[in-house]
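The values are calculated or read from the model by the stated rules, or taken from the named source; none is laboratory data. Predicted, not measured: the structure shown is a model, and the values here were computed from it. FYI the Cβ positions are ideal-geometry reconstructions off the backbone, even for glycines, and counts take in every protein chain you see. Protein only, heavy atoms only, side chains kept; ligands, DNA and RNA dropped before computing areas. Shrake-Rupley method; radii C 1.70, N 1.55, O 1.52, S 1.80 Å.
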Amino acid sequence: MFFNKLFERLVNVNTAVIFMITALVIGGSSFAIYYIEPEEFGSPFNGFWWVMTSVTTVGFGDYVPDTVPGKLYGIFLYLVGIGLISIVISKIIDFIYVYNRRKERGKLEYNGKDHIVIADWSKHAKIAIQEILNTEKNIEIVLIDQYEETPYHHDRLFYVRGNPVDKEVLEQANISEARAVFIFPNEITINGEYIHDPSYIDGKSLLIATSIQRHFKDIYTIVEVKERNNIHNFTHVEVDEFIVSSEMISQLAVRSAFSRGTSRIVSQLLSKRHGEDLYEIPKRPSWGTYREAYMDLLEEGATLVSDHDDLNINHKLDERIPEDAQLFVICQEDTYHKIKQKQAK
């Protein structure tokens, strides 16, 4: 009865105090049993080994007290030590459970760097998350939205619950250390009813982009808009790239009608799940003209297709490559890594 009340009180004691008491009991017992039976245990470390095998109920039996004081101390350790270890383990399990629940509910701060931030959850955001995870094996994603729990589960996805317009929420996502931020428009609800008007939806994206640029203006920002006509509303906001989702789908559908298979080709280039992909590579010092770069890359298994968004490489092969060139190639992943390794030398 006494021990039951004792352990009930210990369970409610501060976690740090419990860990300190347990450490003192284990450390003190290691020296105590060695002091009681120095010939049997030989050193305090052997005493520590015996204490740990006893309180964890493993009991290898390689060290056993021979004297009455030693056995009495062993009984004391069984009663007190095992109970303390049980409480410590339960505290650890509770901590892990609480941590995971807080993480799922978006209540923790993200402290990583070079991650991707996605503002607002949508079908397009889900596809983007899957593509990002497939593109780089170590990159992490921070999703910001106002769901009670994360709408997507993955080891490399971190959820922050809140309004991405709020500076505190953006700081919780550590957006200042992010590689880029994607803003995906989501349908707005007013009094439980969905608003499908593109102007309202893009207006929400404009508000998020304005908040991001006001507080973290150096972050690379990509915004998906519902209608191209709404892009002019972003004039005073430094958005690096716009994606017009409905327009791209319509254009791709038309191209597929006139040139069958176009959609499959574009899908393969945009997705990491297929063999050939689009990669960015830096300019080599040895390259003077586009032709030199084109021929070298062709021999290495890659095709040079553009400089920035200029796809007319084949019409200016003899022109010199500018220092600020942003070259894109189509190749397989292993070829891309070989090109990077060669350029690093």
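Give me the pairs, please: first residue somewhere in region 176-192 and part of a helix (DSSP H, G or I), second residue anywhere and surrounded by 15 or more Cβ atoms within 10 Å (Cβ to Cβ) and at pLDDT 65 or above, beta-carbon distance under 7 Å, and either six or more positions apart or on two chains.
Note: pairs meeting the criteria are 176/216.
Taking residue 114 as the residue in question, decide whether it is open to solvent by 60 Å² or more (accessible area, probe 1.4 Å), of a type outside the set (Phe, Trp, Tyr) and in contact (Cβ under 8 Å) with a residue 60 or more places away in the chain. Before the answer, list the steps.
Details: open to solvent by 60 Å² or more (accessible area, probe 1.4 Å): yes; of a type outside the set (Phe, Trp, Tyr): yes; in contact (Cβ under 8 Å) with a residue 60 or more places away in the chain: yes.
Answer is yes for this residue.
Does residue 109 count as more than 23 Å from residue 243 (Cβ to Cβ) and modelled with pLDDT of 90 or more? Outline the logic, then answer.
Values: more than 23 Å from residue 243 (Cβ to Cβ): yes; modelled with pLDDT of 90 or more: yes.
For residue 109, the condition - more than 23 Å from residue 243 (Cβ to Cβ) and modelled with pLDDT of 90 or more - is met.
Look through region 290-307, keep the residues that are part of a helix (DSSP H, G or I) and among the acidic types (Asp, Glu), and return whichever of them is nearest to residue 320 (Cα to Cα).
Looking only at region 290-307, we keep the residues that are part of a helix (DSSP H, G or I), and these are 290-299.
Now narrow it down to the ones that are among the acidic types (Asp, Glu): 292, 296, 299.
Numbers: 292: 10, 296: 15, 299: 20 Å.
Taking the candidates together, the pick is 292.
Can residue 35 be described as open to solvent by 80 Å² or more (accessible area, probe 1.4 Å), out of contact with any Pro (no Cβ under 6 Å at 6 or more places or on another chain) and either modelled with pLDDT of 85 or more or within 26 Å of residue 93 (Cα to Cα) (or both)?
Working: open to solvent by 80 Å² or more (accessible area, probe 1.4 Å): yes; out of contact with any Pro (no Cβ under 6 Å at 6 or more places or on another chain): yes; either modelled with pLDDT of 85 or more or within 26 Å of residue 93 (Cα to Cα) (or both): yes.
Answer is yes for this residue.
Scan (1) at pLDDT 85 or above; (2) part of a loop (DSSP other than H, G, I, E, B) for the single condition residue 204 breaks and write down its number.
(2)
Output the residue which, of all residues in region 223-266 that are hydroxyl-bearing (Ser, Thr, Tyr) and farther than 25 Å from residue 331 by Cβ, is modelled with the highest pLDDT. Can you show your working first?
As a first pass, look at region 223-266 and keep what is hydroxyl-bearing (Ser, Thr, Tyr): 235, 245-246, 250, 256, 259, 262-263.
Of the ones still in play, those that are also farther than 25 Å from residue 331 by Cβ are 235, 245-246, 250.
Details: 235: 81, 245: 69, 246: 62, 250: 54.
The qualifying residue modelled with the highest pLDDT is 235.
Of these, 134, 138, which one is of a type in the set (S, T, N, Q), at pLDDT below 85 and either open to solvent by less than 60 Å² (accessible area, probe 1.4 Å) or under 18 Å from the mean Cα position of the chain (by Cα) (or both)? Walk me through it before giving the result.
Working: 138 fails: at pLDDT below 85.
The conditions single out 134.
Among the residues of region 142-170, what is the count of those that are touching a residue at least 24 places away in the same chain (Cβ under 8 Å), outside any loop (DSSP other than H, G, I, E, B) and more than 13 Å from the chain's Cα centre (by Cα)?
5
Mind telling me which of the residues 139, 127 ends up being free of Cβ contacts under 8 Å to residues at least 12 places away in the same chain and aliphatic (A, V, I, L, M)?
Result of the check over 139, 127: 127.
Name the residue that is farthest from residue 19 (Cα to Cα), counting only residues in region 59-78 that are surrounded by 10 or more Cβ atoms within 10 Å (Cβ to Cβ) and of a type in the set (A, V, I, L, M, F, W, C).
64
Could you run through region 13-37 and say how many residues are hydroxyl-bearing (Ser, Thr, Tyr) and without any contact (Cβ under 8 Å) to a residue 60 or more places away in the chain?
Kept after step one, since they are hydroxyl-bearing (Ser, Thr, Tyr), are these residues of region 13-37: 15, 22, 29-30, 34-35.
From the residues that got through so far, the ones that are without any contact (Cβ under 8 Å) to a residue 60 or more places away in the chain too are 29-30, 34-35.
Residues meeting the conditions: 4.
Can you confirm whether residue 138 is under 26 Å from residue 277 (Cα atoms), among the polar types (S, T, N, Q) and outside any helix (DSSP H, G or I)?
Yes; evaluated as a whole, the condition is true for this residue.
Does residue 81 fit the bill of being surrounded by 15 or more Cβ atoms within 10 Å (Cβ to Cβ), out of contact with any Leu (no Cβ under 8 Å at 6 or more places or on another chain) and either modelled with pLDDT under 90 or of a type in the set (Asp, Glu) (or both)? Quick ask: steps written out before the conclusion?
Values: surrounded by 15 or more Cβ atoms within 10 Å (Cβ to Cβ): yes; out of contact with any Leu (no Cβ under 8 Å at 6 or more places or on another chain): yes; either modelled with pLDDT under 90 or of a type in the set (Asp, Glu) (or both): yes.
The answer is yes for residue 81.
Can you spot a residue in region 50-59 that is under 30 Å from residue 174 (Cα atoms) and modelled with pLDDT under 85? Quick ask: steps written out before the conclusion?
Within region 50-59, the first condition is being under 30 Å from residue 174 (Cα atoms), and the residues that meet it are none.
So far as region 50-59 goes, no, none of its residues is under 30 Å from residue 174 (Cα atoms) and modelled with pLDDT under 85.
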